[in-house]
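The values are calculated or read from the model by the stated rules, or taken from the named source; none is laboratory data. Note that the coordinates shown come from a computational prediction; the quantities given were computed from them, not determined experimentally. Don't worry about glycine lacking a Cβ; one is built from the backbone with ideal geometry, like all the others, and counts go over all protein chains shown.
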Amino acid sequence: MSGSTIPRDPIRVYDARWEADEFDHAEIRRLVEATLLYGRLLGVDTVTVCRDARGGCSPLVELAVEMALGAGFDVFLCPDPVSTPLSYFMTFSISERRPATMGMTFTASHNPATYVGLKVVVPPVQAIGLDCGPLGGFARVRAIYHGPQALERRGGGRLQVWNPAQDYVDLSLRTVGVEEGALHGISVVFDFFNGSAGGETMLALQRAGVAVAPLRLVADGTFPTGSPNPTSAGKMTGAVDLAREKGGAVVIGTDGDGDRLVFGDARGLLSAGTAAIPVLARLKTAGDARRPTVLHDPKVDPLARAEWSRLGVEPSLFRNGHSQIKERMRALDAAAAVEESGHYYHRLVGTAGPVYLESSLVTVLSFLRSVHGRPSLMDELWALQGRVFSTGEFNYRLEDDRGRDEALEEVLRLFRTDGAVTTSQTPDGVDLMGFYVSKGMNARGSSPRPGWYQAYLRIATNERSVLRCFLSAGDPPAGREWERRIRDRIRALGGTVVE
């Protein structure tokens, strides 16, 4: 309604996320209540509850357990800080014998310690987002949140406590085909950023025979060295330096809730598209006669995608967004997915059928298994990445949304004048939530033509009047010139750089 105030809530595009003092206790209680009411609409009778290491999540776990039990749900609680992938595994495991299970994970991922949040999966272990998932996912939760419906207190719910870390490690080793001690001889510098994935990851790597030099291993939800995001500039410098001292060590980093990964060595960090090559090699021996589909976001470079094709997989362009990607994987029965932000997704099969989840242990073990089997692989990956110029994402704030939209059109006009193709949809009509720009690309993931470049331009979903830009190119001087032209054009329209 014109001039009306939009009711506020903690729900965002991919999950619920907020600063600890942004909403009061009654508002957060209502969020938990709305989530449980949504679960009841889906026939849920069991709830798993997990958390990451940040202190703000502990009282939310207590609240969720109290409310779920009071409403008559059976609850499986992991009281220890664990990764988001392990929390998904817990829901997956319970769902094998209790199909009507919903998972609630309290986490704020890579955000600073002052943030908290909630991720939700519903039967059959399906992640929800805004307008994504059964009955609209978090859109339905939002409607309930702002409505009058209250959660009926039934009582009778039963509480069971379980930490499934050992079972998660067992499944991951079996999935990748890594026997006890099979990766002996590999050395890894692993930076955990004081997040919640350290314990389970060390268990898996020790059983596989990997020699690990851990950094920031112990979970500390205050994140004393800053935001737990390994993809931020300079965050992995200590790990890379230590690998240089050790010589020959693989570098791995993960974020606060363990669902984002970076890979590299003493030379630095690989792009996610390049690092995915040894991860996807596992699919060659997965026993599936199909050419498995692997989703990728618009930032993954075409040279990496061409290598994926040589592995026998079918690259498929899709948009960013964790819940949306997993929903798309479900629709296509895709084998995996990769986001340049460091997120990797896998198709895992249980007794009730396949699920589509982040499983960081599967990602890490797959990478290390490939490197162990071919010692020259890291050199090959660096040679491939050395042929690609990439800007990383750079962002500008304009005076208002109208100015932001004008800047976007001006940059698109630059590319179109050069004969580039611009599109806001995938080949089958799915909205990319931005514009994908390409020149010199070939179909089906084959090698691009000389002089190729690609870009992804999008409007920020959670920041006012911000334009996000990303560019990669096969010719570094040309790539740098394109970056200069883009920045000059946006600055001329009043844009200022933001993180």
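Only a single criterion out of (1) more than 21 Å from Ala165 (Cβ to Cβ); (2) at pLDDT below 95; (3) among the polar types (S, T, N, Q) is not satisfied by Thr35, namely (2). Within segment 121-144, being buried (at least 24 other Cβ atoms within 10 Å of the Cβ) and closer than 17 Å to Ala71 by Cβ holds for Val122, Val141. So is Thr91 surrounded by 23 or more Cβ atoms within 10 Å (Cβ to Cβ), free of Cβ contacts under 8 Å to residues at least 60 places away in the same chain and not in a strand (DSSP E or B) or not? Yes, satisfied. Residues that are in a loop (DSSP other than H, G, I, E, B) and either out of contact with any Leu (no Cβ under 9 Å at 6 or more places or on another chain) or surrounded by fewer than 17 Cβ atoms within 10 Å (Cβ to Cβ) (or both) occur in segment 388-398; there is at least one.
So, Glu180, is that one crowded, with 20+ Cβ neighbours inside 10 Å and acidic (Asp, Glu) or not? So Glu180 fails the test. Would you confirm whether any residue within segment 107-118 is of a type outside the set (Val, Ile, Thr) and in contact with a helix residue (DSSP H, G or I) (Cβ under 6 Å, 6 or more places away or on another chain)? No, that holds for no residue.
Within the group Thr114, Thr101, which residue is over 23 Å from Ala26 (Cα atoms) and of a type in the set (S, T, N, Q)? After applying the criteria, what remains is Thr101. Please determine whether any residue of segment 140-158 is assigned by TED's automatic domain parsing to the domain that holds Thr101, in contact with a strand residue (DSSP E or B) (Cβ under 6 Å, 6 or more places away or on another chain), at pLDDT 95 or above and among the hydrophobic types (A, V, I, L, M, F, W, C). No, segment 140-158 contains no residue that is assigned by TED's automatic domain parsing to the domain that holds Thr101, in contact with a strand residue (DSSP E or B) (Cβ under 6 Å, 6 or more places away or on another chain), at pLDDT 95 or above and among the hydrophobic types (A, V, I, L, M, F, W, C).
Could you name every one of the strands (runs of 3 or more DSSP E) located completely within segment 234-350 that has at least 2 residues being among the β-branched types (Val, Ile, Thr)?
Numbers: elements: 250-254, 261-265, 293-296, 314-317, 336-339, 343-350.
Because the criterion is at least 2 residues that are among the β-branched types (Val, Ile, Thr), the strands (runs of 3 or more DSSP E) in segment 234-350 that meet it are 250-254, 293-296.
Within segment 59-88, take every residue that is β-branched (Val, Ile, Thr) and crowded, with 24+ Cβ neighbours inside 10 Å and give me the one that is nearest to Ala219 (Cα to Cα).
From segment 59-88, those β-branched (Val, Ile, Thr) are 61, 65, 75, 82, 84; that's our starting set.
Now restrict to residues that are crowded, with 24+ Cβ neighbours inside 10 Å: 82, 84.
Numbers: Val82: 9, Thr84: 14 Å.
Of everything passing the filter in segment 59-88, Val82 is nearest to Ala219 (Cα to Cα).
Among residues belonging to segment 206-218 that are in contact with an Asp or Glu (Cβ under 8 Å, 6 or more places away or on another chain) and part of a loop (DSSP other than H, G, I, E, B), point out the one that is farthest from Pro81 (Cα to Cα). Among those that are in contact with an Asp or Glu (Cβ under 8 Å, 6 or more places away or on another chain) and part of a loop (DSSP other than H, G, I, E, B), it is Gly209. Just one of the listed residues (Phe367, Phe318) is touching a strand residue (DSSP E or B) at 6+ places or on another chain (Cβ under 9 Å), among the hydrophobic types (A, V, I, L, M, F, W, C), over 18 Å from Gly133 (Cα atoms) and not assigned by TED's automatic domain parsing to the domain that holds Thr461, namely Phe367.
Filtered by the rule that a residue be at pLDDT below 95, assigned to a loop (DSSP other than H, G, I, E, B) and on the phi > 0 side of the Ramachandran plot, segment 399-439 gives a lone residue, Gly429. Condition check for Ala182 on (1) among the aliphatic types (A, V, I, L, M); (2) part of a loop (DSSP other than H, G, I, E, B); (3) more than 22 Å from the chain's Cα centre (by Cα); (4) closer than 30 Å to Glu27 by Cβ: one failure, at (4). Candidates in segment 194-205 are the residues that are in contact with a strand residue (DSSP E or B) (Cβ under 7 Å, 6 or more places away or on another chain) and in a loop (DSSP other than H, G, I, E, B); of these, the one that is nearest to Asn111 (Cα to Cα) is Gly195. Given the structure, is Ser187 touching a residue at least 24 places away in the same chain (Cβ under 8 Å) and surrounded by fewer than 17 Cβ atoms within 10 Å (Cβ to Cβ)? It is true that Ser187 is touching a residue at least 24 places away in the same chain (Cβ under 8 Å) and surrounded by fewer than 17 Cβ atoms within 10 Å (Cβ to Cβ). Among the residues in segment 220-229, are any touching a helix residue (DSSP H, G or I) at 6+ places or on another chain (Cβ under 6 Å), of a type in the set (Phe, Trp, Tyr) and touching a residue at least 24 places away in the same chain (Cβ under 8 Å)? So far as segment 220-229 goes, no, none of its residues is touching a helix residue (DSSP H, G or I) at 6+ places or on another chain (Cβ under 6 Å), of a type in the set (Phe, Trp, Tyr) and touching a residue at least 24 places away in the same chain (Cβ under 8 Å). Of everything in segment 466-484, what is surrounded by 15 or more Cβ atoms within 10 Å (Cβ to Cβ) and of a type outside the set (Asp, Glu)? Give them in sequence order. Passing the criteria: Val466, Leu467, Arg468, Cys469, Phe470, Leu471, Ser472, Ala473, Gly474, Gly479, Trp482.
State all residues of segment 94-112 that are in a loop (DSSP other than H, G, I, E, B), in contact with a Gly (Cβ under 9 Å, 6 or more places away or on another chain) and at pLDDT 95 or above; if no residue qualifies, say none. Working first, answer last.
The first filter runs over segment 94-112 and keeps only residues in a loop (DSSP other than H, G, I, E, B), leaving 98-100, 107-112.
Subsequent filtering for residues that are in contact with a Gly (Cβ under 9 Å, 6 or more places away or on another chain) retains 100, 107-112.
Ala100, Thr107 - these are the residues of segment 94-112 that are in a loop (DSSP other than H, G, I, E, B), in contact with a Gly (Cβ under 9 Å, 6 or more places away or on another chain) and at pLDDT 95 or above.
Does Val349 fit the bill of being surrounded by fewer than 20 Cβ atoms within 10 Å (Cβ to Cβ) and either modelled with pLDDT of 95 or more or closer than 30 Å to Ala139 by Cβ (or both)? Here the answer is yes, as Val349 does meet what is asked.
Among the residues of segment 440-448, is any over 23 Å from Val313 (Cα atoms) and out of contact with any Asp or Glu (no Cβ under 6 Å at 6 or more places or on another chain)? Let's see the steps before the verdict.
Step one: filter segment 440-448 for residues over 23 Å from Val313 (Cα atoms), giving none.
So far as segment 440-448 goes, no, none of its residues is over 23 Å from Val313 (Cα atoms) and out of contact with any Asp or Glu (no Cβ under 6 Å at 6 or more places or on another chain).
As for segment 362-372, it holds at least one residue that is of a type in the set (Val, Ile, Thr) and in contact with a His (Cβ under 7 Å, 6 or more places away or on another chain).
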